[in-house]
Amino acid sequence: MAKSKKQRTTPVAPVQAADPLATLRPQLITGGKTPADVTRDICAPLDHSPGALWWSAFSVSMTALIVGTIAVTYQIATGIGTWGLNRTVGWAFDITNFVFWVGIGHAGTLISAVLFLFRQKWRTSVNRSAEAMTLIAVVCAGLFPVIHMGRPWLAFWMFPYPNTRGSLWVNFKSPLLWDVFAISTYLLISAVFWYVGLIPDLATIRDKSKPGWRRRITGFFSLGWNGSARTWHRYETVYMLLAGLATPLVFSVHTIVSMDFATAMIPGWHTTIFPPYFVAGAIFSGLAMVLTLMLIARKVMHLEDYITVLHIEAMCKLMLSMGCIVGLAYGTEFFIAAYSGNPYEQFVFLNRALGPFSWAYWTMVSCNVLIPQLLWLRSLRRNFAFVFLISIVVNIGMWFERFVIIVTSLHRDFLPSSWASYVPTIVEVATLVGSFGLFFSCFLLFCRFMPVIAMAEVKGVLKSPQRDLKHDSARGDAA
Amino acid sequence: MTPASAPFSTLSRRLALLAIVSAITLAIGAAISPVRTWSNLLIINFYLVTLGLGGALFIALTYVCNASWNVSFRRVPEALAVLLAPVGLGLLAVLALGREHYDWHPHGTGDAGTFWFKEMWCNSTFWFGRAAVYVSLWILLSRALVTVSRRQDNTGTLGLTIANKRLSALFLFVYAVTFSLASCDWLMLLEPLWFSTIWGVYNFAGMVQAVLATMIVLALVLRSRGPLRRIFTDDHLHDLGKLLLGFSCFWMYIWFSQYMLIWYTNIPEEASYFIPRMQGAWGPIMVVNIVLNWIAPFLFLLPRPCKRSESVMMKVAVIVLIGRWVDLYVMVFPTTMGDWPVFGLWELAGGCLLIGTFGWLFFRSFAKAAPVPSADPLLGESLHYHC
């Protein structure tokens, strides 16, 4: 029954019903590709001028980026008073966007490092793009605190160094400073990890390019890669070590971001579950963004044989499990607020669900917990249009999660006379639009100039499961 | 009795004897120092339940991931999962006997109106009823997982693997909700005015760490004495070692998250948990807890050869298992026994009862099925596994 259903719904990954191992370990890459096919298919976009679809997407992204740039220039010239903040709600849109973008980056490190250590072969088709997405998202995130400083040209004051300002040191007790360290470390390690993974592919492009600028650039950055056994051995050792080093970063970055709130004595912010809850939420939102991007890239760049229903289904399962963890954290917060008997905690959570921002709260719950439950159904996990829709829904939900945590915990202060509301100004909205513009512009440039799929890694999973068994090992493929 | 159990009949008898002697000692303890004995019994039973539940969790996680490396020694966590029935009933009995330790009533703090939920939640009947529901659900689902796996020995049907995969997803969902609530009901409620949202995650981390260490010890014993010889390889050991290293770090991460956030804000109703544990005579025990659960496994398990060494792995696993007891000890004893740590005959008897009962029940349940799931379609991958 299960077998026949699988055969009916997976035309791209046929299974041999007679062989149970083939059912449990279906081919990840379809179309009977050879290593030469992989190189040709993945490098194809680099050799041709981009199509009309790419240009229109790039134009829209650049327009958004220009809108954002104008907004940022205006607010820096005028001051942070252009935002809708007030004395009660002193943190709102900018920090929401910061946390949102940092979170987006997490799936890249999860897929590239954690799933590598867990030997999930399906990651090979998506890790390159997910890592690029991480780098771009972290840059987008970093913009917001820098803009919030008001005088971004003094951003270097964030770093602790002996100075002539009397001597004025940064506040080591502040989680905001820990953010500086955590995020800059994250950006550095993610960039190194991405670059190291690119080296064999850069060498491939070098070898197939005609003499010219591309050959010179890829030749320089491929560090003299010659494909010998010794080179591969060293590469694999470095990759493994970097994966081990990057894994704690998946936890540390969003843990420290959560501490921006949890170390404050504000009901709704100060709660011990925040570190793991934020990490799970970050991975959840990151996976949603990877799905959004990969489903578009799959169609636009004709990668149907490389990003198959198995990859999408595996990511859906991960996203579902993360959504359930996030749902459990929402429930735990509510439960403990009631259990503790603390009237302030109880007020904050009831205010979230029933107060003036209840629309935002219920958007969050619906998008992050209720709607993703549909992914329990196998047929929906294999329906690309539906998965694309869900990924957008989760992106929206996770943005609202940060907005709900930040604004609803602040807007009704301890003293009712201090209660206030918050509405973002056009400048703030334009800045958010601009960050999306930056994100998509950079991602489209990445798709245009870099191999979007890790060719060297995908070639490693072309083998049939049976041959794989002899040489390789037992692997846990979530697909 | 299958041939797999033969080398263990003497060991089982000795463990049963140890359990009986310890139980008699604790019965005397119950007459002399009832609160202390009950505290010991709570630790033992919670420890045993989390081992059984951890076994089922390990099986479920590997099924949903389609993993194969663990198939060759899957009968070890399966035998752990079977333990849930007797030890779950034991825990319910201990809870029924110690209801007064969870007694909550408004202490005149705050507005009584804000406590309506707690009053309802802490109602004796509801509290015990919930415990019975949690334990029943765990027993039911873990038994189903084991039964399906054992049935596959006769048929080798692929459909049974798929059935267990679905069952595992259901188990994980139920487990996450019920275990979070159960750890609050059975351990956090010992201090009724204290609360921490991370408590369920903290207990999850400790549970996984302990069950990994237990599987390492058991698989090594079963390998040296026959049933898993040439089946449980150094590569399997290596991977269990990596997981233990990872989860030791995860435990420390969760411990630190809870401690740091409470320390940083220093709100009296939250700090009330850590003040007696950090500032009095309990302080050194908290340090020992961290050394056993994180520092020792981290330092020993970082080098690759250590994770493939039988003797190192055995020692580290035992350290972690002792660490798990210490972790539960600092959760329970400062509340029930006061400011001074006590360790004597009753705690030793408790530890012996834990080992004796566990070992006896485990080898009994392990002997009830073939030592290897011989017809599992993924067994071949597992036997050829190289990490």
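For this structure, a couple of remarks:
- Residues that are within 24 Å of A:ALA71 (Cβ to Cβ) and touching a helix residue (DSSP H, G or I) at 6+ places or on another chain (Cβ under 6 Å), drawn from segment A:405-424: A:ILE406, A:TYR422, A:PRO424
- Test: residue in segment B:179-188 that is more than 10 Å from every other protein chain (Cβ to nearest Cβ), outside any helix (DSSP H, G or I) and not charged (D, E, K, R): yes
- Some residue of segment B:163-178 being closer than 25 Å to B:CYS387 by Cα, more than 21 Å from the chain's Cα centre (by Cα) and within 14 Å of chain A (Cβ to nearest Cβ): yes
- Only a single criterion out of (1) surrounded by fewer than 23 Cβ atoms within 10 Å (Cβ to Cβ); (2) away from chain B (no Cβ under 11 Å) is not satisfied by A:GLN373, namely (2).
- The number of residues in segment A:241-266 being more than 9 Å from chain B (Cβ to nearest Cβ), surrounded by fewer than 21 Cβ atoms within 10 Å (Cβ to Cβ) and within 22 Å of A:PHE414 (Cβ to Cβ) comes to 1.
- When B:TRP104 is tested against (1) in contact with a helix residue (DSSP H, G or I) (Cβ under 8 Å, 6 or more places away or on another chain); (2) modelled with pLDDT under 95; (3) farther than 30 Å from B:VAL330 by Cβ; (4) surrounded by fewer than 20 Cβ atoms within 10 Å (Cβ to Cβ), exactly one condition is not met: (3).
- Residue match in segment A:178-201 (condition: over 30 Å from A:GLY437 (Cβ atoms) and at pLDDT 90 or above): yes
- Residue check, B:ILE295 within 14 Å of chain A (Cβ to nearest Cβ) and within 28 Å of A:SER258 (Cβ to Cβ): no
- Pairs where the first residue, in segment B:66-81, is over 15 Å from B:ILE216 (Cβ atoms) and within 12 Å of chain A (Cβ to nearest Cβ) and the second is assigned to a helix (DSSP H, G or I) and among the acidic types (Asp, Glu), C-beta under 7 Å, 6+ apart: B:SER68/B:GLU381
- Pair list, Cβ under 6 Å, 6 or more apart: segment A:25-53 residue closer than 26 Å to A:ARG206 by Cβ, other residue surrounded by fewer than 17 Cβ atoms within 10 Å (Cβ to Cβ): A:PRO50/A:ARG448
- Pairs, first away from chain A (no Cβ under 14 Å) in segment B:362-387, second among the basic types (Lys, Arg) and surrounded by fewer than 21 Cβ atoms within 10 Å (Cβ to Cβ), C-beta under 7 Å, six or more apart: B:ALA369/B:ARG150
- Residue check for A:ILE312: away from chain B (no Cβ under 12 Å), assigned to a helix (DSSP H, G or I), closer than 30 Å to A:VAL38 by Cα and in contact with a Lys or Arg (Cβ under 8 Å, 6 or more places away or on another chain): yes
The values are calculated or read from the model by the stated rules, or taken from the named source; none is laboratory data. Nothing here was measured: the structure is a model prediction, and the numbers come from that model. All Cβ positions, glycine included, derive from the backbone under ideal geometry; neighbour counts span all protein chains shown.
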